[in-house]
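Down below is the structure, laid out as structure tokens.
The values are calculated or read from the model by the stated rules, or taken from the named source; none is laboratory data. Since we're looking at a predicted model, the values are computed, not measured. In this analysis, Cβ positions are derived from the backbone assuming ideal geometry, glycine residues included, and neighbour counts consider all displayed protein chains. Calculation scope for accessible area: heavy atoms of the full protein, side chains included, ligands and nucleic acids excluded. Shrake-Rupley method; radii C 1.70, N 1.55, O 1.52, S 1.80 Å.
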Amino acid sequence: MSEGHSKLRIDKWLWYARFFKTRSLAAKVVSGGHVRVNGQKIAKSSHSISPGDVLTFPQAKEIRVVRIEALGERRGPAPEAQTLYFDMTERKEKVPASPRFEGKGRPSKRDRRNLDLMKNTRLED
């Protein structure tokens, strides 16, 4: 980016950094009041941001926290977009829905029989 520009609209930056598929989606999230810049809620997609600002916003089913490293000039490929920010989002370990089978699919017939036996003995005790 040229030296004269030190600020950029937040909706443009979110689109450049590939957090949202379209600029209008980014603007909708910002105008809905779901984005925070340095801890303060903003409601205008025209809000100016600069390198060093910390953004907090929802994306899919998680809350993203990113620090702006650069503003960028265009919506480029993903590797280029990843250089625009530092991701500070805490990653949670995914726990399988059924820890007994650990996501390996349906239990075998032998496993099902053993489960039935375990269920029956628990009820009789």
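Have a look at Leu71, Leu14, Leu8 and point out the one that is open to solvent by less than 30 Å² (accessible area, probe 1.4 Å) and in contact with a Pro (Cβ under 9 Å, 6 or more places away or on another chain).
Leu71
Quick one: in region 76-112, of everything that is surrounded by 12 or more Cβ atoms within 10 Å (Cβ to Cβ) and at pLDDT below 80, which residue is nearest to Gln59 (Cα to Cα)?
Filtering region 76-112 for residues that are surrounded by 12 or more Cβ atoms within 10 Å (Cβ to Cβ) and at pLDDT below 80, the one nearest to Gln59 (Cα to Cα) comes out as Phe101.
Mind checking which residues of region 33-78 are free of Cβ contacts under 8 Å to residues at least 60 places away in the same chain, of a type in the set (D, E, K, R), under 13 Å from Asp11 (Cα atoms) and not in a strand (DSSP E or B)?
Within region 33-78, Lys44, Arg74 meet the criteria.
I need a count of the residues in region 26-47 that are open to solvent by less than 80 Å² (accessible area, probe 1.4 Å) and in contact with a helix residue (DSSP H, G or I) (Cβ under 9 Å, 6 or more places away or on another chain).
12
Taking into account only those residues within region 62-84 that are closer than 17 Å to Arg36 by Cα and of a type in the set (Lys, Arg), which is nearest to the chain's Cα centre (by Cα)?
In this case the residue turns out to be Arg64.
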